[in-house]
1. Among the residues that make up the range 69-82, is at least one of them in a helix (DSSP H, G or I), touching a strand residue (DSSP E or B) at 6+ places or on another chain (Cβ under 9 Å) and closer than 18 Å to Ile163 by Cα?
2. What single numbered condition from (1) touching a Lys or Arg at 6+ places or on another chain (Cβ under 9 Å); (2) buried (at least 16 other Cβ atoms within 10 Å of the Cβ); (3) at pLDDT 85 or above fails to hold for Glu64?
3. So Ser59 ticks every box in (1) in a helix (DSSP H, G or I); (2) in the same structural domain as Met168 (by TED's automatic domain parsing) but one. Which box is left unticked?
4. Taking only pairs six or more apart or across chains, which ones have beta-carbon atoms under 7 Å, a first residue in the range 37-63 that is without any contact (Cβ under 8 Å) to a residue 24 or more places away in the chain, and a second residue that is among the aliphatic types (A, V, I, L, M)?
Amino acid sequence: MKKPAIKSIPYEEFKDNETLEALVAELNKERTNVVLGKLDDLINWGRSNSLWSLTFATSCCGIEFMSVGAARYDFARFGFEVTRNSPRQADLIMCAGTITHKMAPVLKRLYDQMAEPKYVVAVGGCAISGGPFKGSYHVLNGIDKILPVDVYIPGCPPRPEAILYGMMQLQRKVKIEKFLGAKNKHQKRGCMPDEPIIVTNNPIEEPDSRKEEA
């Protein structure tokens, strides 16, 4: 493990927990509240509760996304209310709707313009697998063909509660990432995420390769 380099604190003092505990005890005598924790946890707590999404809706799932932002469901409670029109100011793309082959390069360009770390949420059956247009000549059968998807929210369209639950799962994913001291998988986006989150209570059936061959 690489030793952390801090200008004002030598590495020996950085590992001296007894001195830190004595300092905390001295501050507590003066009734000063002290909270100790990892910087990763503090940063990820702030990041997970201030996820800014790119406004990107191409069909009916976008209406459900609008209803989540309205007063009845109000996703401002979770810190999701800030939606940006510029990919350079967004943390995630919530792809809500059908992606045609003509729209696919536009979606990919917007994703490339976002700063790391960035996330992708596939909302609805069209974004996940093509939905009712699967097999059509003009519709992309799932945005995971061109983008690494972090959370899948199935439905046609999914209810606002499902979208809220999917965003909460993304929050959990952000909270366990290592922002400092280790390399995130988001820094090497050549491969897809190892374990995308699928928001469903039903068991996922693996496709039968024999049926596909037939």
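The values are calculated or read from the model by the stated rules, or taken from the named source; none is laboratory data. Worth saying up front: this structure is predicted, and the values here are computed from it rather than measured. All Cβ positions, even for glycine, are placed from backbone atoms using ideal geometry, and neighbour counts span all protein chains on display.
1. In the first step, residues of the range 69-82 are kept if they are in a helix (DSSP H, G or I); the result is 69, 75-78.
Filter again for touching a strand residue (DSSP E or B) at 6+ places or on another chain (Cβ under 9 Å), leaving 69.
Filter once more, keeping what is closer than 18 Å to Ile163 by Cα: 69.
Yes, the range 69-82 contains a residue that is in a helix (DSSP H, G or I), touching a strand residue (DSSP E or B) at 6+ places or on another chain (Cβ under 9 Å) and closer than 18 Å to Ile163 by Cα.
2. For Glu64, the failing item is (3).
3. Ser59 satisfies every listed condition except (1).
4. none
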